[in-house]
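I have placed the structure first, in the form of structure tokens, so that the comments after it can refer back to it.
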Amino acid sequence: MLFKDVYYLGEDFEARRGDVAVRGDTIEYVGPAAPAEDFGEIISGGSRLVLPGFVNAHCHAPMTLLRGWGEGLPLDRWLTERVFPFEGRLTAEDVYWGSLLGIAEMLASGVTSFSDMYSFCGSVCEAARLSGIKANVSRGLLSQDGGALRESKAFYETEELFNTWDGACGGRIKAEASIHAEYTSHESFVRELAEYAKACGAGIHIHLSETRREHGECIARRGATPAEYFERCGVFEARATAAHCVHITDADIEILARNGVFPAHCPTSNLKLGSGVAPVPKMLSAGINTALGTDGASSNNNLNMLEEIHLSALIHRGAAEDSSLTPPGEVLKMASLNGARAQGRGDTGVIKPGFKADLAVLKLDSPRLTPLHDVLSGAVFAAQGSDIEMTIVDGKILYAGGEFTSFDIREAAKKAAAAAGRIANELLG
Ligand SMILES: [Zn+2]
């Protein structure tokens with residue numbers, strides 16, 4: 001496949017003009033004019049911007065099933081009163097259809113890989129396998145799973161996930177360990193799971209200082225901030241993705257920097273749940289590899305990465321009254337390369353020869369992108385998810401012109417809606 005005479009995001013995260021050639025699953029040429037070889041299909045025209053595929057670094061894909069369920073509550077009541085009872089009624093099949101629906105939303109907004117924390121991980125992996133997307137999948141561990149870690153259902157499911165799916169589909173699917181959060185887990189669990197992740201050479205996925213209450217209660221309970229606590233428990237000795245990081249202190253930022261932790265900034269979720277605004281410019285200044293995520297569809301309420309890109313470019317400028325913050329190239333890097341690094345994927349996230357052909361193609365010819373004096377500001381401030389024309393993973397077109405090539409979206413939407421309706425009816429009596 002050859003993208004001829006297009007805009008593309010260079011490896012310096014500036015807009016460039018030229019050709020991007022793909023052979024098999026790999027980017028073979030990037031530059032002013034591709035050699036006159038046959039790369040197969042030619043997609044030409046300057047009204048396109050080829051971007052590295054987006055990495056949704058924090059998601060609960062099956063939570064499409066809970067979209068709009070339990071609105072208006074603070075995080076703790078929302079979880080205990082609405083989310084956990086709903087989730088208690090989910091079956092593996094429900095989670096499969098919810099995941100596939102979530103993956104469809106992600107592919108349609110240029111996402112080529114996502115990091116997921118949920119249960120019924122086999123269903124999440126099965127949906128990822130069918131769709132062709134990349135995924136780092138983890139079983140979120142909660143203390144309500146009870147007892148000693150190695151006797152818990154969650155650990156059994158974590159081991160099953162690693163044994164069955166880690167490295168599956170040519171490495172497209174990776175297993176990770178996960179602790180849901182400081183306030184939902186015992187210290188002994190946390191320490192043991194950190195050891196397990198290290199022994200497997202795997203990543204670990206957590207929620208960190210999402211709300212002021214969570215952060216304050218941890219200090220009261222343990223005499224340490226959540227970041228200090230997780231560091232003490234050895235969690236950051238593994239490759240760690242820490243979702244949210246809204247209420248972290250300056251000392252916490254040093255901990256994250258020192259340990260090479262990967263924060264996943266989720267601006268929509270943080271704003272919607274009234275959690276606050278994460279100190280992203282401070283984290284970036286500290287050299288922290290900050291990635292971007294949607295969180296689940298029940299706290300967002302969609303999985304549109306362009307919206308997260310848009311918001312994360314805006315809110316830090318407004319909060320700090322400084323329009324020099326979060327420039328478009330840096331935000332696009334957060335959405336792609338930084339996420340790929342958080343996932344431990346060193347072969348993707350940038351448009352460069354030898355890297356995997358994981359690409360999102362943005363059409364630049366809609367009225368909201370015409371005329372266009374600055375291509376990257378157009379992509380970040382003006383574009384909408386619907387401007388994504390094509391999403392490519394490992395050189396395969398998975399989404400183009402509104403159609404999904406690997407699964408039946410109508411069936412997924414119908415089955416997911418039926419599952420969500422059944423559970424809502426059971427709970428509402
Ligand atoms: Zn989350």
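So, in region 271-324, exactly how many residues are closer than 14 Å to residue 210 by Cβ, at pLDDT 95 or above and hydrophobic (A, V, I, L, M, F, W, C)?
Total meeting the criteria: 3.
Counting only residues that are aliphatic (A, V, I, L, M) and not in a loop (DSSP other than H, G, I, E, B), which one in region 231-248 is farthest from the ligand (Cβ to nearest atom)?
It comes out as 235.
Would you pick out the residues in region 200-214 that are closer than 19 Å to residue 262 by Cα and out of contact with any Asp or Glu (no Cβ under 9 Å at 6 or more places or on another chain)?
Selection gives 201, 210.
State all residues of region 295-316 that are polar (S, T, N, Q), within 13 Å of the chain's Cα centre (by Cα) and away from the ligand (no atom under 13 Å from the Cβ); if no residue qualifies, say none.
Matches in region 295-316: 302, 304.
List the pairs whose first member sits in region 277-294 and is within 16 Å of the ligand (Cβ to nearest atom), whose second member is charged (D, E, K, R), and whose Cβ atoms are under 9 Å apart, counting only residues at least 6 apart or on separate chains?
291/341; 292/308; 293/308; 294/105; 294/307; 294/308
Go through region 1-67 and tell me which strands (runs of 3 or more DSSP E), entirely inside it, have 3 or more residues that are farther than 16 Å from residue 334 by Cα and touching a helix residue (DSSP H, G or I) at 6+ places or on another chain (Cβ under 9 Å).
none
Yes or no, residue by residue, for (1) within 21 Å of the chain's Cα centre (by Cα); (2) surrounded by 14 or more Cβ atoms within 10 Å (Cβ to Cβ):
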{"site": "211", "(1), (2)": "yes, yes"}
{"site": "217", "(1), (2)": "no, yes"}
{"site": "222", "(1), (2)": "no, yes"}
{"site": "225", "(1), (2)": "no, yes"}
{"site": "244", "(1), (2)": "yes, yes"}
{"site": "251", "(1), (2)": "no, no"}
{"site": "255", "(1), (2)": "no, yes"}
{"site": "258", "(1), (2)": "no, no"}
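May I ask you to list pairs of residues, at least six apart or on different chains, whose Cβ atoms are under 7 Å apart, with the first in region 296-310 being on the phi < 0 side of the Ramachandran plot and part of a loop (DSSP other than H, G, I, E, B) and the second being of a type in the set (Val, Ile, Thr) and surrounded by 24 or more Cβ atoms within 10 Å (Cβ to Cβ)?
What qualifies is 300/294; 303/294.
Would you be able to tell me the number of residues in region 403-417 that are more than 21 Å from residue 22 (Cβ to Cβ) and either of a type in the set (Asp, Glu) or in contact (Cβ under 8 Å) with a residue 12 or more places away in the chain (or both)?
Count: 8.
For residue 171, which of the numbered conditions (1) outside any helix (DSSP H, G or I); (2) surrounded by 22 or more Cβ atoms within 10 Å (Cβ to Cβ) fails to hold?
(2)
Please state which of the following conditions residue 349 fails to meet, knowing it meets all the rest: (1) more than 16 Å from the ligand (Cβ to nearest atom); (2) touching a residue at least 24 places away in the same chain (Cβ under 8 Å); (3) assigned to a helix (DSSP H, G or I).
Evaluating residue 349 over (1) more than 16 Å from the ligand (Cβ to nearest atom); (2) touching a residue at least 24 places away in the same chain (Cβ under 8 Å); (3) assigned to a helix (DSSP H, G or I) leaves (3) as the failure.
Rundown of residues vs (1) under 25 Å from residue 343 (Cβ atoms); (2) at pLDDT 95 or above; (3) within 16 Å of the ligand (Cβ to nearest atom), yes/no style:
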{"residue": "62", "(1), (2), (3)": "yes, yes, yes"}
{"residue": "69", "(1), (2), (3)": "no, no, yes"}
{"residue": "143", "(1), (2), (3)": "no, no, no"}
{"residue": "146", "(1), (2), (3)": "no, no, no"}
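Going by the conditions given, is residue 320 free of Cβ contacts under 8 Å to residues at least 40 places away in the same chain and either under 28 Å from residue 62 (Cβ atoms) or not aromatic (Phe, Trp, Tyr) (or both)?
In short, yes.
Scanning region 259-274 for residues that are away from the ligand (no atom under 11 Å from the Cβ), touching a Leu at 6+ places or on another chain (Cβ under 8 Å) and not β-branched (Val, Ile, Thr), which turns out farthest from residue 116 (Cα to Cα)?
In this case the residue turns out to be 271.
Out of curiosity, is residue 114 surrounded by 18 or more Cβ atoms within 10 Å (Cβ to Cβ), in the same structural domain as residue 185 (by TED's automatic domain parsing), part of a helix (DSSP H, G or I) and among the aromatic types (Phe, Trp, Tyr)?
no
The values are calculated or read from the model by the stated rules, or taken from the named source; none is laboratory data. Because the structure is predicted, anything quoted here is derived from the model rather than measured. Here Cβ is always computed from backbone atoms with ideal geometry, including for glycine, and neighbour counts include all displayed protein chains.
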